[in-house]
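The values are calculated or read from the model by the stated rules, or taken from the named source; none is laboratory data. The structure presented is a predicted model; accordingly, all values stated were derived computationally and were not measured. A quick note on method: Cβ atoms are made from the backbone with ideal geometry, for glycine too, and the neighbour counts reach across all protein chains shown. For accessibility, only protein heavy atoms count, side chains too; no ligands or nucleic acids. Shrake-Rupley method; radii C 1.70, N 1.55, O 1.52, S 1.80 Å.
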Amino acid sequence: NMIKNIYLRHLIKFKERYLVSLTIIVLLVPVLINFIFGKPLMMGPDSYYLLQQAKELSLHNFYYFPLALVSWFVPLDFLFIIPLTLALISLFLFFRMAKDVALNNELFFFFILFLILSPGFIYNYSTLSTNSLFVLLLIAGFYLLLRTKGFLNYLSPFVFLAASFFNLILTLLLALLLVSYWYFKPKDRFLTTINFILVVISAVFNLLWLN
């Protein structure tokens with residue numbers, strides 16, 4: 001028991017280092033397997049759908065412009081770097097948020113550990129997926145909203161607006177999370193209300209114009 005406790009304390013103390021390393025290994029394994037068997041390095045039909053949308057930019061899918069910009073400069077076989085980067089940035093922001101709200105270290109460690117090893121995480125971050133970008137914007141938005149000093153929290157509406165352009169279900173999820181945040185964080189209710197209103201307006205805009 002004593003030895004187990006020593007190892008556990010070590011893991012918890014250096015959790016960021018181990019979790020980031022595990023993320024890189026887990027997400028590079030599918031890429032390596034595809035490379036060995038001569039398959040395309042990017043997995044899943046979503047990747048090719050998004051790349052096709054990026055090639056056919058119009059007013060109705062202008063939000064694919066960042067992907068189009070990246071694909072102009074990054075070869076197809078190296079686009080797996082995009083979801084890997086999204087995963088690492090999301091983890092970094094999640095680590096910072098966990099410190100802000102003083103989450104239990106052991107609970108946080110095992111939650112992230114099981115999340116990284118879950119099939120959903122591995123699939124979504126082994127492909128070009130709108131889900132991975134939505135999660136990043138979601139975490140970034142709440143990270144900024146938690147910044148009570150300076151002006152960073154006033155940048156959260158721009159991030160939440162960007163997160164509301166994917167699909168109606170994700171936008172409804174975002175709105176629900178903002179309502180929950182409004183309830184549990186009374187001090188931030190003014191800015192949270194503004195974010196909620198903008199997200200709802202964006203959802204209506206998407207339904208009436210983009211679709």
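Determine, yes or no, whether Ile169 is surrounded by fewer than 15 Cβ atoms within 10 Å (Cβ to Cβ) and not polar (S, T, N, Q). It would help to see each step written out before you state the result.
Details: surrounded by fewer than 15 Cβ atoms within 10 Å (Cβ to Cβ): yes; not polar (S, T, N, Q): yes.
Judged against the criteria, Ile169 is a match.
How about the stretch 88-127: which of its residues are of a type in the set (Ser, Thr, Tyr) and under 18 Å from Ser21 (Cβ atoms)?
Our first condition is that a residue be of a type in the set (Ser, Thr, Tyr); within the stretch 88-127, this holds for 90, 118, 123, 125-127.
If the condition is that a residue be of a type in the set (Ser, Thr, Tyr) and under 18 Å from Ser21 (Cβ atoms), then Ser90, Ser118, Tyr125, Ser126 are the ones that fit.
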For this session: Could you please find all residues in the stretch 130-144 being touching a residue at least 40 places away in the same chain (Cβ under 8 Å), open to solvent by 30 Å² or more (accessible area, probe 1.4 Å) and of a type in the set (A, V, I, L, M, F, W, C)?
Result: Leu133, Val135
Exercise. Does any residue of the stretch 78-94 turn out to be open to solvent by 80 Å² or more (accessible area, probe 1.4 Å), at pLDDT 90 or above and more than 30 Å from Thr148 (Cβ to Cβ)?
Worked result: no
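Residues of the stretch 172-196 being farther than 22 Å from Leu133 by Cα, out of contact with any Lys or Arg (no Cβ under 7 Å at 6 or more places or on another chain) and either surrounded by 12 or more Cβ atoms within 10 Å (Cβ to Cβ) or at pLDDT 85 or above (or both), which ones? Show your work before the answer.
Let us first name the residues in the stretch 172-196 that are farther than 22 Å from Leu133 by Cα, namely 182-191, 193-194.
When the remaining residues are screened for being out of contact with any Lys or Arg (no Cβ under 7 Å at 6 or more places or on another chain), the result is 183-191, 193-194.
Matches in the stretch 172-196: Tyr183, Phe184, Lys185, Asp188, Arg189, Phe190, Leu191, Thr193, Ile194.
Only one of these is open to solvent by 50 Å² or more (accessible area, probe 1.4 Å) and farther than 23 Å from Asn124 by Cα: Leu32, Leu11. Name it.
Working: Leu32 fails: farther than 23 Å from Asn124 by Cα.
From the options Leu32, Leu11, the qualifying one is Leu11.
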